[in-house]
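> My questions all concern the structure below.
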Amino acid sequence: MGPANFSRRNFLKAAGAVSAMAAVHGFPAELLAYERRMARFPEKTDLILLTSRPPQLETPLSYFKEMITPNEALFVRWHIANVPTSVDVNEWRLKVGGNTEKELALSLADLKKLEKVTFTAVIQCSGNGRSFFVPPVAGGEWGDGAMGNVTWTGARLRDILNSAGLKAGTVDVSFNGLDKPPLPTVPDLVKSLPVDKAMEEDLIVAYEMNGKPLTMLNGFPARLIVPGWYATYWVKSLSDITVLSKPFEGFWVKSAYRIPETDCGCVPPGTTPKKTVPINRMTTRSLIIDPSASSELTLNKPVTIMGVAFSGGRGIQDVIVSVDGGKRWEETRLGEDKGKYSWRQFFYEWRPAKPGRYALMARATDTIGESQPFEGLWNPAGYLWNKVEKTEVVVK
Amino acid sequence: MKKLIILSLMLAVAGFAYAAEKDAVHSIEIPVVKTELRAGEGMDTTEKYCSICHSLDYITMQPKFPKATWVVEVNKMIKVMGAPIPEADARVIIDYLSAQYGTGG
């Protein structure tokens, strides 16, 4: 696909989306130095273009009206410029070694021979919502669209590690993919998990998303799935699993993707944390999808307020909604329960009885009582965003 | 007649084998997207160095930062990522970014 495939429409600036976002989150529009463009990449539909080399593409919020995010609409996030663009599955092997009894080189067919596991899980970038941080922080300036709810199928990581046989003294397991740095000085994207996490039952090496092979940009032919944890660990186009008897020291775990070691994972805005730990479980989050920000609603006409809510793998207990900026709250009806890692849709029937401006808000609580803050919690890298948002609509 | 059937069967089998082999290789071509930096003093220097490892939209997507943040970012690219930028050029880039993508503070 070449530049010719970019229609003019793809390049039209989504200026409306930017100003809507700016109004909702209290930024004057001029503060945003950038304008958002749409682009269509291979196997993907028109998505919001953050960066092109390497590709970072964000899902427009309207796709979240669906329980399952379509493969072509799922967000894309690579770190280093030489991303895989061609994979011969006859040649591709998942190599497993290090502190193990045996070394393995598994083909895709080998992976498919292992017990097949399928579940639905939210995938979310650590930096989803970074563009809402005040003061602003550097990084991928995502709105709310660096997430999606996908049904994954694959083999248990634990089964793979057990067939290699972990030797005594194992502490960490590291994961490398086919992407390569543009210059030798740039740290390769290698991630690690403590061995106890890696051996949990629900981690899989997925070779299908929504019943189809992974798209190339979402990690063909196989990627790690760490349900409940941020997607930084969900290494794409996985090629090497290394079992380690010493703590992993690579850049993307030791220096990047770290959160303050405080209860909230936050520090006073603009300050530097004293101690940090690797980011891990997702915070509880909800978002109103429909009506969208700046919608015009009709007086006395019933409208269903709909959105999605999820947590760090503990399911959702309830979601409450306010139509008056947080003064009064109402229970919502929850949709289908597709398991603790999936998001849950919520619905609230509303009949606006007075004209004017309304601030719609939603607040989710997970099954152990973890909920969402009313003020944005701040950390220097722009992670864990889960503030209760305001969706402003007008009733006429 | 029989011959014809066999022939078409053979063709079908050959076609299948060809498809299987071709399907084994999954390829995409990533589009090249051009990002224009704002015109201003130091733009060429910035474009030259800051597009070595990634596209320039890494710069244009950022919110407006105070100069101190751009200093940290440019130094991170040099010290952590190994960007080969001479000191004098780094100063030109920092001034450019602060002027074009800064808060003025």
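> Working only within region A:309-325, note down all residues that are exposed (fewer than 15 other Cβ atoms within 10 Å of the Cβ) and not charged (D, E, K, R).
Result: A:Gly325, single match.
> Cβ-Cβ under 6 Å, sequence separation 6+ or interchain: first residue in region A:241-262 and on the phi > 0 side of the Ramachandran plot, partner open to solvent by 40 Å² or more (accessible area, probe 1.4 Å). Which pairs?
none
> So which residues in region A:326-349 are in contact (Cβ under 8 Å) with a residue 40 or more places away in the chain, part of a strand (DSSP E or B) and either buried (at least 18 other Cβ atoms within 10 Å of the Cβ) or charged (D, E, K, R) (or both), if there are any at all?
Those that are in contact (Cβ under 8 Å) with a residue 40 or more places away in the chain, part of a strand (DSSP E or B) and either buried (at least 18 other Cβ atoms within 10 Å of the Cβ) or charged (D, E, K, R) (or both): A:Gln345, A:Phe346, A:Tyr348, A:Glu349.
> Name the residues in region B:74-104 that are open to solvent by 40 Å² or more (accessible area, probe 1.4 Å), part of a helix (DSSP H, G or I) and either of a type in the set (A, V, I, L, M) or free of Cβ contacts under 8 Å to residues at least 24 places away in the same chain (or both), would you?
Of everything in region B:74-104, those that are open to solvent by 40 Å² or more (accessible area, probe 1.4 Å), part of a helix (DSSP H, G or I) and either of a type in the set (A, V, I, L, M) or free of Cβ contacts under 8 Å to residues at least 24 places away in the same chain (or both) turn out to be B:Asn75, B:Lys76, B:Met77, B:Ile78, B:Lys79, B:Glu87, B:Ala88, B:Arg91, B:Val92, B:Ala99.
> Against the conditions (1) outside any strand (DSSP E or B); (2) open to solvent by 10 Å² or more (accessible area, probe 1.4 Å); (3) more than 14 Å from every other protein chain (Cβ to nearest Cβ), where does A:Met306 fall short? Just the number, please.
(1)
> If you take the residues in region A:227-256 that are part of a loop (DSSP other than H, G, I, E, B) and over 22 Å from A:Asn82 (Cα atoms), which one is most open to solvent (accessible area, probe 1.4 Å)?
So the residue we want is A:Lys246.
> Still on this structure: In this structure, is B:Asp95 over 21 Å from A:Ser52 (Cβ atoms), modelled with pLDDT of 95 or more and touching a helix residue (DSSP H, G or I) at 6+ places or on another chain (Cβ under 6 Å)?
The answer is no for B:Asp95.
> Here is a follow-up. In this structure, is A:Glu101 in contact with a helix residue (DSSP H, G or I) (Cβ under 7 Å, 6 or more places away or on another chain), free of Cβ contacts under 8 Å to residues at least 60 places away in the same chain and more than 14 Å from chain B (Cβ to nearest Cβ)?
Criteria not met by A:Glu101.
> Could you tell me whether A:Gly177 is within 14 Å of another protein chain (Cβ to nearest Cβ) and buried (at least 22 other Cβ atoms within 10 Å of the Cβ)?
no
> I've got another one for you. Tally up the residues in region A:350-362 that are part of a strand (DSSP E or B) and over 20 Å from the mean Cα position of the chain (by Cα), please.
Residues that pass the stated criteria total 7.
> When you scan region A:47-85, how many residues do you find that are over 21 Å from A:Leu224 (Cβ atoms) and not in a helix (DSSP H, G or I)?
Number of matching residues: 13.
> Next question. Give region A:104-134 a look and list any residue that's among the charged types (D, E, K, R), away from chain B (no Cβ under 14 Å) and within 27 Å of the chain's Cα centre (by Cα), or say none.
A:Lys112, A:Glu115, A:Lys116
> Could you check A:Leu74 against (1) open to solvent by less than 20 Å² (accessible area, probe 1.4 Å); (2) more than 20 Å from A:Phe175 (Cα to Cα); (3) at pLDDT 95 or above; (4) within 11 Å of another protein chain (Cβ to nearest Cβ) and say which number it fails?
It is condition (4) that A:Leu74 fails.
> Would you please name the residue that is surrounded by the fewest Cβ atoms within 10 Å (Cβ to Cβ), looking only at residues in region B:28-52 that are facing another protein chain (nearest Cβ under 7 Å) and touching a helix residue (DSSP H, G or I) at 6+ places or on another chain (Cβ under 8 Å)?
Selected residue: B:Val32.
> With respect to B:Thr60, determine if the residue is under 18 Å from the mean Cα position of the chain (by Cα) and of a type in the set (Ser, Thr, Tyr).
Judged against the criteria, B:Thr60 is a match.
> Given the conditions (1) hydroxyl-bearing (Ser, Thr, Tyr); (2) without any contact (Cβ under 8 Å) to a residue 60 or more places away in the chain; (3) open to solvent by 20 Å² or more (accessible area, probe 1.4 Å), and given that A:Thr153 satisfies all but one, which numbered condition is not satisfied?
All conditions are met except number (3).
> Which members of region A:101-118 meet the condition of being open to solvent by 80 Å² or more (accessible area, probe 1.4 Å) and part of a helix (DSSP H, G or I)?
If the condition is that a residue be open to solvent by 80 Å² or more (accessible area, probe 1.4 Å) and part of a helix (DSSP H, G or I), then A:Lys112, A:Lys113 are the ones that fit.
> Based on what the data block shows, is A:Pro184 within 14 Å of chain B (Cβ to nearest Cβ), in a loop (DSSP other than H, G, I, E, B) and surrounded by fewer than 17 Cβ atoms within 10 Å (Cβ to Cβ)?
Yes; evaluated as a whole, the condition is true for this residue.
> Would you tally the residues in region A:190-214 being open to solvent by 10 Å² or more (accessible area, probe 1.4 Å) and either β-branched (Val, Ile, Thr) or in a loop (DSSP other than H, G, I, E, B) (or both)?
8
> Among the residues of region B:53-64, which ones are at the interface with chain A (Cβ under 7 Å from one of its Cβ atoms) and in contact (Cβ under 8 Å) with a residue 24 or more places away in the chain?
Once the filter is applied, which keeps residues that are at the interface with chain A (Cβ under 7 Å from one of its Cβ atoms) and in contact (Cβ under 8 Å) with a residue 24 or more places away in the chain, region B:53-64 yields B:Cys53, B:Asp57, B:Thr60, B:Gln62, B:Lys64.
> Please work out which one of (1) outside the structural domain of A:Asp179 (by TED's automatic domain parsing); (2) touching a helix residue (DSSP H, G or I) at 6+ places or on another chain (Cβ under 6 Å); (3) open to solvent by 10 Å² or more (accessible area, probe 1.4 Å) is the condition A:Lys65 fails and give its number.
Failed condition: (2).
> What's the number of the condition B:Ala20 fails, among (1) modelled with pLDDT under 95; (2) over 22 Å from the mean Cα position of the chain (by Cα); (3) open to solvent by 60 Å² or more (accessible area, probe 1.4 Å)?
So B:Ala20 meets the others, but not (3).
The values are calculated or read from the model by the stated rules, or taken from the named source; none is laboratory data. Nothing here was measured: the structure is a model prediction, and the numbers come from that model. Glycine gets a Cβ as well: all are built from the backbone with ideal geometry, and neighbour counts include every protein chain shown. Each accessible area value is taken on the protein alone, full model and side chains, heavy atoms only, with ligands, DNA and RNA left out. Shrake-Rupley method; radii C 1.70, N 1.55, O 1.52, S 1.80 Å.
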